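The values are calculated or read from the model by the stated rules, or taken from the named source; none is laboratory data. Note that the coordinates shown come from a computational prediction; the quantities given were computed from them, not determined experimentally. Here the Cβ positions follow ideal geometry from the backbone for every residue, glycine too, while neighbour counts run over all protein chains shown. All accessible areas refer to the heavy atoms of the entire protein, side chains included, with ligands and DNA or RNA removed. Shrake-Rupley method; radii C 1.70, N 1.55, O 1.52, S 1.80 Å.
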Amino acid sequence: MRVAVIGATGLIGSAVAAHLSSRGYSVVSMSRSVPGGSLNAFAVDISEANSSSYWLPRLHGVDAIINCAGVLQDSPNDSAAMVHHLGVASLFAACEQLGIRRVIHFSAIGVDRETPSAFSRTKLAGDNALMERDLDWIILRPSVVIGRPAFGASALMRGLAALPVIPIMPNTGQLQVVLLDDVVRAVEHFLQPGAPSRQIVELVGPERHSFAEVVSIIRRWCRWRPAREVRLPRSLMNAFYRLGDAISLLGWRPPVRTTARLEIARGAVGDVAGMERLQISPKGLGEFLAAEPASVQERWFAAMYLLKPVTFVVLCLFWVSTAWVSMGPGWEYGIGLMREGGVEGRMAALTVIAGALSDLAIGLAIAYRPTSRYGLYAAIALSLTYAVIGTILVPRLWADPLGPMLKIWPIIVLHFVALAILKDR
């Protein structure tokens, strides 16, 4: 069977694609970003799929569709309405035209009971669009999904587990965490010959936990000592959610945004009977983690998770601040260095201005997600340039007790670290 997996670079999509490939399926991976060197992988952008004609040439020879695409909320690069509803509605229409009967569609737990956010409303609209089609459809509604890989909410939980205290967020509902392996097994079940269709199945684990309990379980898994719980004020968390919304305008995808606040308050619980009817006995989170000891790489990831945004904020502020200092309070000092190196008059001023504008451009480039990689490379190149020019014009700076030349090298190393942790998937 030739199966197209939409959203094949996400947490669920990548696991489904890998598992099906290992089981002998011919998998066509479709996502907005295609990993280099991938075979049978094609770039698709659901935000551009305004009609079935977008999908028709891309689905040639496909026997089944698994749609795993999703976004948390609207941003400059993401449209919840297109990804969850309008774009996939055109996908379902194309399946009907091409005679692709089997469509497995990932929704979200609880959207049939409460839609507190655009995420839930658009997910439910996408479900309804599929159910209106003459197709052998399956709608899977998972709770919070956790597995060995981590992305989104599961990655956030690991990052919080690495803190010296466990933050207790206000107004959080219960969670029936479902394991990624059980989700993949459910997908494979509905690809079998003679599998039932036109069903909605909730994918949930057997146990209910609070958000803090899940974080504590992950902390024990990482073999860290129990941590004291600290309750966060509602006003502080609201500020974090608004900050996440602002950061998303720069192209980043922080898991802590307004939509997360609304969805967390609702919780993620459901009926495990649906999975049991598939002859899947879902494991509890503690049981799964006990059988899969945390590796050093997973401990590193948890410890680095919250350091990533700190690293990028520090680098952005560093370059923007140096630009402000050069053009403001440090102007005369900069001109003095130019004169000491033999650069006089208008050329000295232009050199300082050019350096300040370069610093500002780098800081802004790092802050904007689509250009952050270029900004980091430019920062490394400019730092090396400053080291060479400073050595030629003012060599005494190497002996300065404050170490302006010596500090260039740890700064460069930090930029390489930022490059290493830039990509999320």
Subject >> Gain upon complete extension [Arg339, Ile411; 0.36 nm per residue less C-alpha separation] >> reply: 23.3 nm
**OP:** Using only the Cα atoms of the stretch 1-94, construct the convex hull and provide its projected area averaged over every direction, in square nanometres to one decimal.
**Re:** 5.8
Subject >> Value of relative contact order over the stretch 263-387, rounded to a whole percent, pairs C-alpha under 8 Å and six or more apart >> reply: 22
**OP:** Could you order Leu72, Leu315 by accessible surface area, starting with the largest, using a probe radius of 1.4 Å?
**Re:** Leu72, Leu315
Original post:
Between the stretch 310-379 and the stretch 40-80, how many Å separate their Cα centres?
Top reply: 41
Original post:
Which one of Gly205, Gln192, Asn238 is farthest out on the positive end of the charge dipole of the stretch 133-277, using unit charges on Cβ (Lys, Arg +1; Asp, Glu -1) and the Cα centre as origin?
Top reply: Asn238
Subject >> Crossing angle, helix 211-221 versus the chain [Cα axis fit, 0-90 degrees, rounded to tens] >> reply: 80
Subject >> Only Lys, Arg (+1) and Asp, Glu (-1) charged, at Cβ; the stretch 288-347 dipole about Cα centre in debye >> reply: 60
Subject >> At most 16 other Cβ within 10 Å, DSSP loop - trypsin sites (Lys or Arg not before Pro), the stretch 107-184 >> reply: Arg113, Arg133
Original post:
Once amide H atoms are placed 1.01 Å from N in the peptide plane, what residues at a sequence separation of 5 or more from Ala41, or on another chain, have their amide H within under 5 Å of its amide H?
Top reply: Ser29
Subject >> Using alpha-carbon coordinates, inclination of helix 118-131 to the longest axis of the chain, degrees >> reply: 40
**OP:** Any chance you could list the semi-axes, whole Å, largest first, of the equivalent ellipsoid that the Cα gyration tensor gives for the stretch 190-245, using √(5λ)?
**Re:** 36, 21, 10
**OP:** Note down the net charge around Glu263, summing +1 for each Lys or Arg and -1 for each Asp or Glu among other residues with Cβ under 12 Å from its Cβ.
**Re:** +4
Original post:
Using modelled amide H (1.01 Å from N, peptide plane; none on Pro or chain starts), what sits under 5 Å from the amide H of Ala268, excluding residues fewer than 5 places away?
Top reply: Gln174, Leu175, Gln176
Original post:
Percent antiparallel among DSSP beta bridges with both residues in the stretch 138-257, to the nearest 5?
Top reply: 10
**OP:** Take the alpha-carbon positions of the stretch 106-208, form their convex hull, and give its projected area averaged over all directions (one quarter of the hull surface) in nm².
**Re:** 8.0
**OP:** Would you work out what percent of the accessible area of the chain, with all protein chains in place, is carbon or sulfur (probe 1.4 Å)?
**Re:** 61
Original post:
Taking a probe of 1.4 Å, how large is the accessible area per residue of the chain, in Å²?
Top reply: 47
**OP:** Quick one: grab Rg to one decimal and Dmax as a whole number for the chain, Cα atoms only, in Å.
**Re:** 25.4, 83
**OP:** Could you work out the Kirkwood radius for the stretch 52-165, taking every pair of different alpha carbons, averaging 1/r and inverting it, reported in Å?
**Re:** 15.4
Original post:
Longest segment of the chain with no GluC sites (Glu not before Pro) in a DSSP loop having at most 14 other Cβ atoms within 10 Å?
Top reply: 133-343
Original post:
Between Leu72 and residues 5 or more places away or on another chain, which pairs have amide H atoms under 5 Å apart, with H built 1.01 Å from N, and which residues are they?
Top reply: none
Original post:
For helix 87-98, what angle does its Cα long axis make with the longest principal axis of the chain, in degrees from 0 to 90 and rounded to 10?
Top reply: 50
**OP:** Could you work out the per residue convex hull volume over the alpha carbons of the stretch 276-393, in cubic angstrom?
**Re:** 155
Original post:
Can you give the direction-averaged projected area of the convex hull of the alpha-carbon atoms in the stretch 203-360, in nm²?
Top reply: 15.2
Original post:
Given 4 °C and 1.567 mPa s, how large is the Stokes-Einstein diffusion coefficient of the stretch 160-271 in µm²/s, with Rh as the Kirkwood radius over Cα pairs?
Top reply: 79
Subject >> Size descriptor, Kirkwood hydrodynamic radius, that averages inverse alpha-carbon separations across the stretch 306-347, Å >> reply: 12.0
Subject >> DSSP beta bridges in the chain [antiparallel fraction, %, rounded to 5] >> reply: 5
Original post:
Which net charge results for the neighbourhood of Ala195, defined as the other residues with beta-carbon distances under 15 angstrom from its beta-carbon, given Lys and Arg at +1 and Asp and Glu at -1?
Top reply: +3
